[in-house]
Amino acid sequence: MPTLWLTLFLLILSTAAAAAQSAVPQLRDITVAPSGAKTTITFLFTGRVKTVVVEPKANGVAQVRMKSVKADSKALNSPLAKPGVRSVRAHIERTDVLVTNVTFTQNVASMTVAQRDSVSVVVVVKLSPDSPVSAAATSPAKPTKKGTTPKKEPAEPRTTSPKAGNSADATADATSPRKRWALNTIIIDPGHGGKDPGALGIGDIQEKDVTLATSKKIREELKKLMPGVKVLLTREDDTFVELYQRGKIANKAGGKLFVSIHCNSMPEKPHPASGFECYIIRPGRSTDATRVALRENSVIQLEYDQEKYAGMTTETTIMAAMAQSAFARFSETLAQRIRESVRTADILPDRGVHQAGFLVLVGASMPSVLVELGYLSNEHDAELLGSKTGQRTLARSVAKGIKRYAQEYEAIIREE
Ligand SMILES: [Zn+2]
């Protein structure tokens, strides 16, 4: 009998050991995505990483240590330096500890592990905006301002000393998370504009006009529902705004939510496809979602400087989507609340929440949703979208959905 137990015990042990060995997560890639005073470092793995330790170091270094992982030289050499990032260095210590040092031109205020799942680890680094690392080390092209100019972001926590070498204290974040993450600014992005009409629908209705008119109504409704919250549009009139600019505008304004407003269309008109859809960024799963993303992304052909998007292959969109994954759960909830609210209004069929690689959602460092109000290629939808009452009803529903999301969100950050 005891021999049998021993055998069993050994068997269990060896199986467990084998399982543990095969489960060692392997690093596939590291991406660094800076955006203002915040940078997202995304590590892609083949499995879940058990231990992640983040630590701000002196001289603008953000250090991430991960235990029991594997990495080959290709994955270790993958990161590219970005604006505001001096270097990204990763190496393996003691056979299985991955040490990544990202060196910024500003000192690090705080670091958090925003997400850790079976494929990724997402670390968000906040920088001290008025704390450049050192005059000697910064790029000679940009004279350092030595903290004299008042920066626009008053919500940013100030570390007590701008001196390098003091970053051990920098982990202590003076501002409460409630204040820092308060949902105080909402960005509404009216799709297209100017030389880019967007989709052309039945009766010569243009997407750019519907998106602008509806976005303005969403702002009015939000002001009624959420007084005290700042609502900004990425364009106020019939002007052309490049896709990458829209996210930039949102980040600069300190947006906490980004809602891009669009109208759908089919190549043939009239077409029976009808209804309201919400999208969150992620590489398209269905061909239909990819079709919508391709159509909405095609505007870059009208932009003068297409170089910016040269690197934006499917691969980088996937990477950007991974960076956005820090907000994925929030984006998805926001999309669901907007969708539920529009469904309740019962004016258009509900076509659900989808995922696709929208370039306009790449740049905004906040929960982001793209709304396709309806199909301009459908007779019923086009009539509704072209009418003031239709636009008003849709705007009110979208605003109500945003408010419901905001209430849930505020409840979450109150608990922190
Ligand atoms: Zn559009």
Inset, instruction - All but one of (1) farther than 19 Å from N264 by Cα; (2) assigned to a helix (DSSP H, G or I); (3) touching a residue at least 12 places away in the same chain (Cβ under 8 Å) hold for S397, so report the exception by its number. - result: (1)
Inset, instruction - Would you mind stating whether T185 is under 30 Å from A109 (Cβ atoms), away from the ligand (no atom under 16 Å from the Cβ) and either assigned by TED's automatic domain parsing to the domain that holds T333 or surrounded by fewer than 24 Cβ atoms within 10 Å (Cβ to Cβ) (or both)? - result: yes
Inset, instruction - Scan (1) surrounded by fewer than 24 Cβ atoms within 10 Å (Cβ to Cβ); (2) within 24 Å of G193 (Cα to Cα) for the single condition L376 breaks and write down its number. - result: (1)
Legend entry - Top-ranked residue of segment 197-240 - restricted to ones that are away from the ligand (no atom under 15 Å from the Cβ) and among the small types (G, A, S), ranked as farthest from the chain's Cα centre (by Cα): G203
Legend entry - Subset of segment 364-394 [assigned to a helix (DSSP H, G or I) and closer than 19 Å to I338 by Cα]: D381, L384, L385, T389, G390, Q391, R392, T393, L394
Legend entry - Flag if L376 is among the hydrophobic types (A, V, I, L, M, F, W, C) and either within 16 Å of the ligand (Cβ to nearest atom) or not assigned by TED's automatic domain parsing to the domain that holds N264 (or both): yes
Inset, instruction - For residues that are at pLDDT 80 or above and of a type in the set (S, T, N, Q), tally how many sit in segment 294-346. - result: 5
Legend entry - Any chance L294 is assigned by TED's automatic domain parsing to the domain that holds R337, over 29 Å from A37 (Cβ atoms), without any contact (Cβ under 8 Å) to a residue 12 or more places away in the chain and within 15 Å of the ligand (Cβ to nearest atom): yes
Inset, instruction - Return a yes/no flag: does segment 241-261 have any residue that is more than 30 Å from A109 (Cβ to Cβ), in contact with a strand residue (DSSP E or B) (Cβ under 8 Å, 6 or more places away or on another chain), within 16 Å of the ligand (Cβ to nearest atom) and at pLDDT below 95. - result: yes
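The values are calculated or read from the model by the stated rules, or taken from the named source; none is laboratory data. Just so you know, these numbers come straight off a predicted model, no measurement behind them. Virtual Cβ from ideal backbone geometry, glycine too; neighbours counted across all protein chains shown.
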